[in-house]
Amino acid sequence: MKNIILTGFMGTGKSYVGRRLATMIGYKFKDIDEIIEKTENMKINEIFELFGEEHFRKIETVVLEMELKDEGIVVSTGGGVVLSEKNRKLIRKAGIVVNLTATPEQILERLAEDHERPLLKKEKNIQKIRKMMLERNSYYEESDIQIDTTGKNVDDVISEIMRRIEYEV
Ligand code: S3P
């Protein structure tokens, strides 16, 4: 039973897809952001506001390392998890890495009403999303499978993941 780790930019649907996928294949589901909020007893927004991004990244690595020790899991990670080399190594070692992508336009549309993303709080537009994606894309590409979610619903994305991991899990 190989673990499945979902990576991808904010708004690519990692948490939603991950939860449903885990149920379908009988794996446990872990959402790293959700676990961080539970252990810190604070929303991600508050952690960024009170302590800054650097502090958040430290907690993210600690939680990631601990949670990836488990087996039979589908893990949804935060969009910025790939920025750290240590995180990237942990993820690669932990199982099959499935990277979800979407166009900047689609991300903007999906996150239009969202207020939970501290990094898109001050500035939420195509240019900002494009810039962040460019900084991260080469890391996102370090995956076993990449799936474009643009214009697809959750069921489409899950069927595509299932089809492509069939022989790997
Ligand atoms: C972040 C993405 C967020 C969350 C934090 C930072 C990022 O997770 O970890 O706000 O740097 O892209 P989602 O990808 O689930 O939105």
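The values are calculated or read from the model by the stated rules, or taken from the named source; none is laboratory data. Because the structure is a prediction, the values reported are computed rather than measured. Cβ placement follows ideal geometry from the backbone for every residue including glycine, while neighbour counts extend to all protein chains displayed.
Taking the condition of being modelled with pLDDT of 95 or more, in a loop (DSSP other than H, G, I, E, B) and not polar (S, T, N, Q), how many residues in the range 117-166 meet it?
The total comes to 8.
Hey, any hits in the range 86-103 for a residue that's touching a strand residue (DSSP E or B) at 6+ places or on another chain (Cβ under 6 Å), charged (D, E, K, R) and under 30 Å from Met1 (Cα atoms)?
no
So, Thr7, is that one surrounded by 22 or more Cβ atoms within 10 Å (Cβ to Cβ), in a loop (DSSP other than H, G, I, E, B) and touching a residue at least 40 places away in the same chain (Cβ under 8 Å) or not? Show your work before the answer.
Numbers: surrounded by 22 or more Cβ atoms within 10 Å (Cβ to Cβ): yes; in a loop (DSSP other than H, G, I, E, B): no; touching a residue at least 40 places away in the same chain (Cβ under 8 Å): yes.
Here the answer is no, as Thr7 does not meet what is asked.
For Glu109, indicate whether it is over 20 Å from Ser15 (Cβ atoms), of a type in the set (Asp, Glu) and over 15 Å from the mean Cα position of the chain (by Cα). Walk me through how you get there before you give the answer.
On the way: over 20 Å from Ser15 (Cβ atoms): no; of a type in the set (Asp, Glu): yes; over 15 Å from the mean Cα position of the chain (by Cα): yes.
No.
Residue check, Ser15 against (1) buried (at least 19 other Cβ atoms within 10 Å of the Cβ); (2) within 13 Å of the chain's Cα centre (by Cα); (3) over 18 Å from Ser138 (Cα atoms), all met but one. Which one?
Here Ser15 meets the rest and fails (1).
Counting only residues that are out of contact with any helix residue (DSSP H, G or I) (no Cβ under 8 Å at 6 or more places or on another chain) and hydrophobic (A, V, I, L, M, F, W, C), which one in the range 44-89 is surrounded by the most Cβ atoms within 10 Å (Cβ to Cβ)? Can you show your working first?
Within the range 44-89, the first condition is being out of contact with any helix residue (DSSP H, G or I) (no Cβ under 8 Å at 6 or more places or on another chain), and the residues that meet it are 46, 50-52, 54, 58, 62, 66, 69-72, 85, 89.
Subset that is hydrophobic (A, V, I, L, M, F, W, C): 50-51, 62, 66.
Working: Leu50: 10, Phe51: 14, Val62: 12, Met66: 11.
Filtering the range 44-89 for residues that are out of contact with any helix residue (DSSP H, G or I) (no Cβ under 8 Å at 6 or more places or on another chain) and hydrophobic (A, V, I, L, M, F, W, C), the one surrounded by the most Cβ atoms within 10 Å (Cβ to Cβ) comes out as Phe51.
To keep it simple, each residue is scored yes or no on (1) in contact with a Lys or Arg (Cβ under 8 Å, 6 or more places away or on another chain); (2) modelled with pLDDT under 95; (3) under 23 Å from Thr12 (Cα atoms).
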residue	(1), (2), (3)
Ile36	no, no, yes
Ile47	no, no, yes
Glu53	no, no, yes
Asp70	yes, no, no
Ile73	yes, no, yes
Glu85	no, no, yes
